[in-house]
Amino acid sequence: MSEDKYEPVIGLEVHIQLLTASKAYSGDSTEYGAAANTNVSPVSLGHPGVLPVVNEKMIEYAVKLGLACHCEIREYNEFARKNYFYADMPKGYQISQHHTPICNGGYITIKDTEGQEKRINITRIHMEEDSGKSIHDQDPFNTLIDLNRAGVPLLEMVSEPEIKTPEEAYQYLTEVRKLVRYLDICDGNMEEGSMRCDANVSVMLKGADKFGEKVEVKNMNSIRNVQRALEHEIKRQIDCLENNLLIYQETRTFDAVAGTTSVMRTKEEADDYRYFTEPDLPQVIVKQEYVDEIQAELPQLPDQLFEKYTKELGLSAYDATVIIDSKSISTYYEALIAVTSNYKAAANWLMGPIKSYLNENAIPIGEFVIKPESIAALIGLVKSGKVSFTVAAQKVFPLLVQNPNMDPESLAIEGNLIQDSDEDSLNDFVKQAIAKYPDKVLEYKSGKKGLIGLFMGEVMKLSKGKADPKKANQLVQELLEQD
Amino acid sequence: MKIDNSTVDKLADLAKLEFDAESKKEIVKDLSRVLDFVGKLNELDTENVEPLVYMTDETNVLRKDEVVQEITQQDALRNAPKKDSDYIIVPKVLQSNPEV
C-alpha cells in the first residue's frame, strides 16, 4: 500500500571499543567488570595539568580496520577536543578527531534483497575515547558515576546514507562485527556495549532528490534490535507523512520490549561542540611503510576466505558461509585443511559430527579436545574404506572424544569397528542373507530391484555393521543376478 | 565581535551556567573588554604567516599499550564533592551520555 511510495535512507554510526590493555591516552586498565572507579588515572579522571599520551595500539587497530575496509589511511593525523558537559565525562570534552579522521572512504560489501553484492561506502573512521558510565537505577535521587570506561579507545565508523532497508542494516552490522572479530580488535559484543550502533534514518518519496528530515535512533543492544528499531521508525515516519504530520529532527531511543522508538531529545539548534585541535597531543604521522607492515600482518579476512573456499577448495557457497561466519570455526577449518586435502569431507565433519557434539555439550570450538590431525586421520580411515562414515561419526568419534590423544585407527581396531572388506567373510554373510529369504529372491528376480536393501540390511546385521557396504552391495547384486 | 545578552545566553547554555539580569550586564561588559583586548592582535598583518597549532615540532609521541596503575579507588574518589564507597554521586540525570 502507501509504504511502496516511500524510500528509506539509512546511515549507520558504529562505535567499536578496542581490545587494548590500557586506555586511549593513559595507562589505566580497560578490563571489563572491575570494581567501580578502580581502572582510573589522573588523565581519565580529568584532573587539571595532566598530560595524555596516545596508545600506539589504537593507531594500529585503526589502520587495521581501515585496510580491511579498503579505506585510504591519512598520513597527518590530529586529535581534537569535542566540548560538551556530561557527568560521566569529567574533562568537559572528549578527545576525538575532527577534520582529520585516520581512515577515509572504503566500503563494506553486503548482499541486497535480491542476493546481489552491494557496496555500502564508508565516509570515515576516526579515533576517540569512551565516556564513563552513568548508573540511573540504583539510587532514586542521584546518578552514580563509574569512570572505569572513561578513556577506553573507540573507533567510530560512519557509513554513507546508502543503506536502503533494515535488512541491509542488519547485514552491514553483521559484516562489521565479523571483520572486527577476525581482526581481533574488538569482541563485537553489542549486548555488553563493546560494539554500539546509532542509526540515522529518514524517508522520502521514491526517486526524490532531497532526503527527508533525519532522525537519530539510539540504544539498540543487538543487531536484530537495530533492524527492529529501523522497521518501526520507518513505519512511524511514513505514517507521519501520510497524515500530514511533521517529522522533527530529533534523537529517539529504542524500547526493545515494546519494539517502538520514543523521543530522547529534540535538536532545536545545531550542536555546537566548539571543536579545536587538542594541543596536548602532537600530530601522529602514519607513514606508508607502517601501513604496509600492518597490511602484511593482516589475517585472512572473511571475503578472502570465501573466495578461497568456493573457488580453490570447491566448497558450496552455503558451506563456506557457515564456516566463515565464526572466526573460531574457520580457524579450526584452516588447521584441518593444513593436514588433509579432503576439503569437502573436512567441511562435512566440521559442520556435522563436530558441530553437533559442541552444540550438545555447549563447548566452544576453542576448547574442543580433538586435534585437527586426528580428524584428518579419521577422514583418512573413511576414505580408505576401513570404516564407514556412519561408524566413524557414531562410534569412533565418541571414542576419540574420550581418548583425544589416541590414534583413531587404533581406537577403531580396539573397538572392533574396522570394516570387513575381506571377500571370503563377506561372501558368507551375503550367502546367509540370501538363503534366509528365498521368496524375496524370486521377487527380486521378477523385477523388484528395490529388495536389494533388505538383503543389504541383513548383511549389515550379520556383520554387526562392519561389512564394507560398497563391496557387500556388489556381492549381493552379483549373487542375486546369478542364473 | 559584539557581545550582547543573546551571546551570553548561548555561552551560559553551553557552559551549563545560569545568570540573573544583573550579572548578565556585568558579563557582557567583562566579555567585551576581554575581546577588545585580544582583538588588538587583529591589527597585525598575518597574511603570510602559517597558523601555529602546536608548540612543539615533535610528532608520534606514543606509548606502548601497557597497564600502569597509578592511583587507588580511594584516591580517585578523594576530590568528588559527593560520593559513596565506590561511586561519584551527581544529581539525577535522565539519560546516559548521548554522544558516545
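The values are calculated or read from the model by the stated rules, or taken from the named source; none is laboratory data. Since we're looking at a predicted model, the values are computed, not measured. With ideal geometry, Cβ positions are generated from the backbone for all residues, glycine too; neighbour counts draw on all protein chains shown. Just the protein is used for accessible areas: all its heavy atoms, side chains included, with ligands, DNA and RNA removed. Shrake-Rupley method; radii C 1.70, N 1.55, O 1.52, S 1.80 Å.
Loop-only trypsin sites (Lys or Arg not before Pro) in segment A:166-208, please: DSSP not H, G, I, E or B, and at most 13 other Cβ atoms within 10 Å.
Here the trypsin sites (Lys or Arg not before Pro) that fit, given the DSSP loop and packing criteria, are A:Lys206.
I'd like the distance between the alpha-carbon centres of segment A:1-69 and segment A:459-483, rounded to an integer number of Å.
66 Å
Find me the longest stretch of chain B that has none of the exposed trypsin sites (Lys or Arg not before Pro), where exposed means in a DSSP loop (not H, G, I, E or B) with at most 14 other Cβ atoms within 10 Å.
B:17-63
Exactly which GluC sites (Glu not before Pro) in segment A:188-255 are in a DSSP loop and have at most 16 other Cβ atoms within 10 Å?
Loop-located and lightly packed - A:Glu191, A:Glu192, A:Glu213.
Under the rule of -39500 (n - 2.57) per DSSP H run of 4 or more residues, summed and divided by the residues of chain A, what mean residue ellipticity at 222 nm is obtained, to the nearest 500 deg cm²/dmol?
-10500 deg cm²/dmol
Quick one: if you take sqrt(5λ) for each eigenvalue of the C-alpha gyration tensor of segment A:300-414, what semi-axes come out, biggest first, whole angstrom?
Values for segment A:300-414, descending: 24, 16, 11 Å.
Can you tell me the mean projection area, over all orientations, of the convex hull of the protein assembly as shown's alpha carbons? Units nm², please.
Mean shadow area of the hull around the Cα atoms is 40.3 nm².
What is the set of long-range amide H partners of A:Glu129 at a cut-off below 5 Å, with H atoms built 1.01 Å from backbone N?
Residues meeting the amide H criterion: A:Ile95, A:Leu154.
For segment B:16-100, what class follows from the C-alpha gyration tensor (a ≥ b ≥ c being the square roots of its eigenvalues): rounded when a/c is under 1.5, otherwise prolate if a/b is larger than b/c, else oblate?
oblate
Calculate the mean, over all residues of peptide A:138-148, of how many other protein chain Cβ atoms lie within 10 angstrom of the residue's Cβ.
Mean shielding count: 5.
Relative to the longest principal Cα axis of chain A, at what angle does helix A:452-462 sit, 0 to 90 degrees, rounded to 10?
That helix lies at roughly 90 degrees to the long axis.
Express the accessible area of segment B:1-87 per residue in Å², computed with a 1.4 Å probe while the remaining protein chains stay in the model.
Averaged over the residues of segment B:1-87, the accessible area is 86 Å².
Across 5 Å bins from the origin, how do the percents of Cα pairs in segment A:423-481 run, short distances first?
Result returned by the calculation: 4, 22, 37, 22, 12, 3, 0.
How many Cβ atoms of partner chains, on average, are near each residue of A:54-61 if near means within 10 Å of its Cβ?
3
Of A:Lys111/A:Lys210; A:Lys133/A:Lys218; A:Lys23/B:Lys82; A:Lys64/A:Lys371, which pairs sit farther than 22 Å apart, going by alpha carbon to alpha carbon?
A:Lys111/A:Lys210; A:Lys23/B:Lys82; A:Lys64/A:Lys371
What does the charge add up to near A:Met195, with Lys and Arg as +1, Asp and Glu as -1, over the other residues with Cβ less than 13 Å from its Cβ?
Counting the neighbours of A:Met195, the net charge comes to -4.
Can you tell me how segment A:81-139 classifies by the Cα gyration tensor, rounded, prolate or oblate, using a/c under 1.5 as the rounded cut?
In terms of gyration-tensor shape, oblate.
Accessible area per residue of segment A:300-414 at 1.4 Å probe, in Å²?
On a per-residue basis, segment A:300-414 sits at 50 Å².
Any idea of the total accessible area buried by the A-B contact, 1.4 Å probe, rounded to 100 Å²?
The summed interface area works out to 4600 Å².
Tell me, what % of the accessible area of segment A:423-481 is carbon and sulfur with a 1.4 angstrom probe?
55 percent
Please list, by residue number, every one of the chymotrypsin sites (Phe, Trp or Tyr not before Pro) in segment A:89-198 that is coil in DSSP and has at most 12 other beta-carbon atoms within 10 Å.
Here the sparse-neighbourhood loop sites are A:Phe141.
What lysines sit close enough to B:Lys10 to cross-link, taking a C-alpha to C-alpha distance under 25 Å and skipping anything fewer than 8 places away on the same chain?
A:Lys82, A:Lys91, A:Lys214, A:Lys267, B:Lys2, B:Lys24, B:Lys25, B:Lys29, B:Lys40, B:Lys92
So how far, in whole Å, is the C-alpha centre of segment A:98-160 from the one of segment A:264-338?
After rounding, the separation between the Cα centres reads 15 Å.
Keeping the other protein chains in place, figure out the carbon and sulfur percent of the accessible area of segment A:227-338, with a 1.4 Å probe.
After summing per-atom areas, the C and S share lands at 51 percent.
Counting only protein heavy atoms, probe 1.4 Å: which residues of segment A:84-119 lose 40 Å² or more of accessible surface in the full assembly compared with their chain by itself?
Buried by the other chains: A:Tyr84, A:Phe85, A:Tyr86.
Report relative contact order for chain A in percent, whole number only (criteria: Cα-Cα under 8 Å, sequence separation at least 6).
Reported as a whole number, the value is 14 percent.
Any chance you could give the angle, 0 to 90 degrees and rounded to 10, that helix A:327-337 forms with the longest Cα principal axis of chain A?
40 degrees
Under a cut-off of 14 Å between alpha-carbon atoms, report the aspartates and glutamates in cross-link reach of A:Lys311, not counting same-chain residues fewer than 8 places apart.
Within reach: A:Asp303, A:Asp319.
Under 14 Å between alpha carbons, and skipping anything fewer than 8 positions from A:Lys448 in its own chain: which aspartates and glutamates qualify?
Counting by Cα, and skipping residues close in sequence, A:Lys448 has these aspartates and glutamates nearby: A:Asp439, A:Glu481.
Across peptide B:79-88, how many C-beta atoms of other chains are within 10 Å of each residue C-beta, on average?
Partner Cβ neighbours, averaged per residue: 5.
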